[in-house]
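First up is the structure itself, then whatever we jot down about it.
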Amino acid sequence: MDFVKPTIEYSQLWPLLVIYGVACAGVVVEAFVPRELRFRVQTLLALVGLVVALGGTIWVASDLDVLGDGAARGSVDVEGTIVVDGPTVFFWGILLVFAIGGVLLFAERRLEGGVSAFAGQAAALPGTEAERQASTRGLEHTEVYPLLMFAVGGMLLFPAANDLLTLFVALEVLSLPLYLLCGLARRRRLLSQEAALKYFMLGAFSSGFFIYGVALTYGFAGSMGYSEINEAVRDDIGNQTLLLLGIGMISVGLLFKVGAAPFHSWTPDVYQGAPTPVTAFMAAGTKIAAFGAILRLYYVAFGSDRWSWQPMLWVIAILTMVVGALLAVVQTDMKRMLAYSSVAHTGFLLTGVLGVQQASELSDGQVTSLQAVLFYLTTYGFAMIGAFAVVTLVRDSGGEATTFARWQGLGRRSPLVAGLFAFFLLSMAGIPLTAGFVGKWAVFTVALSAGAWPVVIAAILCSIVAVFFYVRVIVLMFFLDGDTSGEVATVTKPSVLTSATILVGVAATLVLGVVPGPVLDLAANAGQFVR
C-alpha cells in the first residue's frame with residue numbers, strides 16, 4: 001500500500017493557524033513571563049493575534065476561487081475536512097470582530113478597582129483565607145486569554161468543518177475553554193462555579209448524543225464527509241432509520257450549543273453565573289459559530305433530506321420562541337432576562353434556517369436564507385455584546401447590580417448609560433431604524449418564501465411579547481423612582497476598553513438599521529456553501 005502525503009492549503013488556513021499559534025504562545029507566556037507583566041503581554045498578544053487573523057481573513061476572502069455558475073466561491077482543503085468558502089470567511093470575520101470586543105472586556109480593570117473580573121486564584125475555595133489573600137495581593141488569572149483564544153479557534157473551525165469528525169473536534173475545542181471561563185468570576189464565586197459545573201455536565205451529555213449521532217450517520221452513509229453523506233441520502237441507500245436517528249442525535253448536540261428549547265436549561269444559569277465579559281463573548285460568539293455549523297450540516301450534508309429535518313425544526317423553532325419570550329417576562333434579574341431573550345432569538349434564527357432555497361429559486365431582490373441568517377447573526381452579536389458590556393457598569397458595593405430593583409431610576413442618575421442600554425433593547429425587540437428590525441424582516445421573509453408561514457406567525461406573536469419585557473426594562477429605568485429599600489446602584493466609569501466596545505456596538509446597531517445594504521450585499525457576495 002502506497003502512502004500519500006496529505007495536502008494542507010496553508011494559504012487558505014493561516015488566519016485559523018494564527019489564532020491557535022497565539023493560544024499556544026499564551027500558554028508559554030504563563031510559564032515564563034513574570035506575574036506582574038503577564039496581563040499586559042497576554043492582552044497585547046491576544047489583540048495583535050486577532051487583528052492579524054482578521055486582516056488575513058479579509059485577504060483570503062478577496063482571493064477565493066469562483067466555482068461553477070458563480071453561486072459558490074472557495075475551496076475544499078486539508079483532504080476534504082475543511083471548507084474555506086464565502087460563508088466561512090464571513091463567519092470568521094464577524095467572530096473575530098466580536099472576539100476583539102471580548103478581549104477588551106476581559107482586559108477591563110477600572111470597574112473592579114484595579115483588578116480584573118476574574119478570580120486571582122481559581123483553586124482557592126470561595127470565602128477562604130487563600131481567596132482573600134489572592135484578592136488583597138491583586139493577583140490576576142491571566143490564563144483566561146489563552147483559554148479565550150482556544151475557544152475562538154474552535155469557533156472558527158466549527159462552521160468550516162466539512163466532515164462530522166472535524167465538526168466534533170471543533171465542538172470540543174470551543175466548549176472546554178468556555179466551561180473553565182464560566183467558573184472564574186472574582187465575585188459570587190459559588191454562583192459562578194455552579195454555572196460552570198452545570199454547563200460542563202449538560203455539555204458533556206449533549207456531546208454524547210452528538211457523537212452517537214455521528215456513529216449512526218456513519219453507519220448509514222459509510223463516510224463522515226458531508227458530500228458523501230449527501231450522495232448517500234440522494235441514492236437512498238442503507239437503513240433510513242439510521243439516518244433519521246443520526247440527524248436527531250446530532251441535532252441535539254448542535255441545538256444545545258445555540259440554546260434552543262428544550263435544550264436551553266443551561267442558558268439562564270450560565271449567563272447569570274459566568275463573569276459578565278465571558279457571558280458577552282459567549283452570547284455572541286458561540287451562537288454565531290454553532291449556527292454556521294448548523295447551516296452547513298443541514299444544507300450540505302442533509303440538504304437532500306430536508307423533508308425529514310424541516311418538520312423537526314418547525315417544532316423546535318416555535319417551542320424555542322415561546323419558551324424564551326414567556327419566561328423572559330417573569331424574570332427579575334437583568335442577565336437572566338437577556339439569557340431568555342437569547343433563547344427567543346435562537347428561535348427567530350431557526351425560522352431563517354427553514355428558508356432553505358437556493359438563490360436560483362428566488363426572484364430578483366429576495367434574500368436567501370443564508371444571507372438572512374448571516375445578517376441576523378451580525379446584528380444580534382453587536383446588540384448582545386453591547387448590552388452585556390453596559391451591564392458591567394451598573395454596580396453597588398457587592399459588585400454588579402443585576403436585579404431589576406437596582407436599575408429603577410437609572411435613567412435619571414445616568415441618562416447616557418440607560419439610553420444606550422435602551423437602544424440595544426429596542427434593537428433586540430425589532431423596532432424600526434434599528435438593526436434588529438431589518439434582521440427579523442429578513443428571516444421572516446425567507447421563511448415565508450419557503451412556506452413556513454405557521455412559524456412566522458408564531459415568531460410575530462412572540463416578537464410582540466418580547467416588546468413587552470424589553471419596554472418594561474426601559475420603563476423601570478426612566479419612569480420609576482429608584483429603589484429605596486436598599487442600596488442604590490450607580491454607574492461606574494469604565495476605561496476606554498469597555499467604552500469602545502459599547503460605542504462600536506451602538507454605532508453598528510444604528511448603521512445596520514438605517515443602511516443595511518452593504519452588509520446584506522456582503523452576505524450575498526459570500527455566495528452559497530461549497531458542496
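List the pairs whose first member sits in the stretch 405-428 and is among the basic types (Lys, Arg), whose second member is assigned to a helix (DSSP H, G or I), and whose Cβ atoms are under 8 Å apart, counting only residues at least 6 apart or on separate chains?
Every condition considered, the pairs that remain are Arg412/Phe478.
Do the conditions hold for Ala523, that is, is it assigned to a helix (DSSP H, G or I), under 30 Å from Val84 (Cα atoms) and modelled with pLDDT under 90?
Yes.
What residue, among those in the stretch 329-355 that are part of a helix (DSSP H, G or I) and β-branched (Val, Ile, Thr), is surrounded by the fewest Cβ atoms within 10 Å (Cβ to Cβ)?
Among them, the one singled out is Val329.
Inspect all residues belonging to the stretch 480-496 and state whether any of them is more than 22 Å from Ala99 (Cα to Cα), over 22 Å from the mean Cα position of the chain (by Cα) and free of Cβ contacts under 8 Å to residues at least 12 places away in the same chain.
Looking through the stretch 480-496, at least one residue is more than 22 Å from Ala99 (Cα to Cα), over 22 Å from the mean Cα position of the chain (by Cα) and free of Cβ contacts under 8 Å to residues at least 12 places away in the same chain.
Would you confirm, using the coordinates I've provided, whether Gly26 is open to solvent by less than 40 Å² (accessible area, probe 1.4 Å), within 19 Å of Leu181 (Cα to Cα) and assigned to a helix (DSSP H, G or I)?
Yes, satisfied.
Quick check on the stretch 296-303. Is at least one of its residues assigned to a helix (DSSP H, G or I) and either acidic (Asp, Glu) or in contact with a strand residue (DSSP E or B) (Cβ under 7 Å, 6 or more places away or on another chain) (or both)?
Checked the stretch 296-303: no residue is assigned to a helix (DSSP H, G or I) and either acidic (Asp, Glu) or in contact with a strand residue (DSSP E or B) (Cβ under 7 Å, 6 or more places away or on another chain) (or both).
Consider Gly208 carefully, then state whether it is of a type outside the set (A, V, I, L, M, F, W, C), under 14 Å from Leu165 (Cα atoms), without any contact (Cβ under 8 Å) to a residue 24 or more places away in the chain and assigned to a helix (DSSP H, G or I).
Taking the combined requirement at face value, the residue satisfies it.
Quick test for you: out of Asp63, Asp77, pick the one residue that is acidic (Asp, Glu) and either open to solvent by less than 20 Å² (accessible area, probe 1.4 Å) or at pLDDT 95 or above (or both).
Asp77
Look at Val103 and say whether it is assigned to a helix (DSSP H, G or I) and open to solvent by 10 Å² or more (accessible area, probe 1.4 Å).
Against the criterion (assigned to a helix (DSSP H, G or I) and open to solvent by 10 Å² or more (accessible area, probe 1.4 Å)), Val103 does not qualify.
Could you list, in sequence order, the residues of the stretch 382-410 that are modelled with pLDDT of 90 or more and small (Gly, Ala, Ser)?
Answer for the stretch 382-410, where residues must be modelled with pLDDT of 90 or more and small (Gly, Ala, Ser): Ala383, Gly386, Ala387, Ala389.
Would you mind telling me which numbered condition in (1) open to solvent by 60 Å² or more (accessible area, probe 1.4 Å); (2) under 29 Å from Arg188 (Cβ atoms) Leu433 fails?
Exception for Leu433: condition (2).
Out of the residues in the stretch 503-531 that are more than 16 Å from Ala442 (Cα to Cα) and within 19 Å of the chain's Cα centre (by Cα), which is surrounded by the most Cβ atoms within 10 Å (Cβ to Cβ)?
Gly505
Identify, by number, the condition in (1) open to solvent by 10 Å² or more (accessible area, probe 1.4 Å); (2) assigned to a helix (DSSP H, G or I); (3) over 21 Å from Ile82 (Cα atoms) that Glu228 doesn't meet.
(3)
Tell me which residues, restricted to the stretch 151-176, are open to solvent by 10 Å² or more (accessible area, probe 1.4 Å) and either out of contact with any helix residue (DSSP H, G or I) (no Cβ under 9 Å at 6 or more places or on another chain) or not in a loop (DSSP other than H, G, I, E, B) (or both).
Scanning the stretch 151-176 gives Leu157, Asp163, Leu165, Thr166, Phe168, Val169, Glu172, Val173, Leu176.
Based on this model, can you work out whether Ile58 counts as of a type in the set (Val, Ile, Thr), open to solvent by 60 Å² or more (accessible area, probe 1.4 Å), on the phi < 0 side of the Ramachandran plot and within 25 Å of the chain's Cα centre (by Cα)?
Yes; evaluated as a whole, the condition is true for this residue.
The values are calculated or read from the model by the stated rules, or taken from the named source; none is laboratory data. This one's a predicted model, so the numbers in the text were calculated from it and none came from an experiment. When we count neighbours, we look across all protein chains shown, and the Cβ atoms used for this are built from the backbone with ideal geometry, even at glycine. When the accessible area is computed, the model is the full protein with side chains, heavy atoms only, and any ligands, DNA or RNA have been set aside. Shrake-Rupley method; radii C 1.70, N 1.55, O 1.52, S 1.80 Å.
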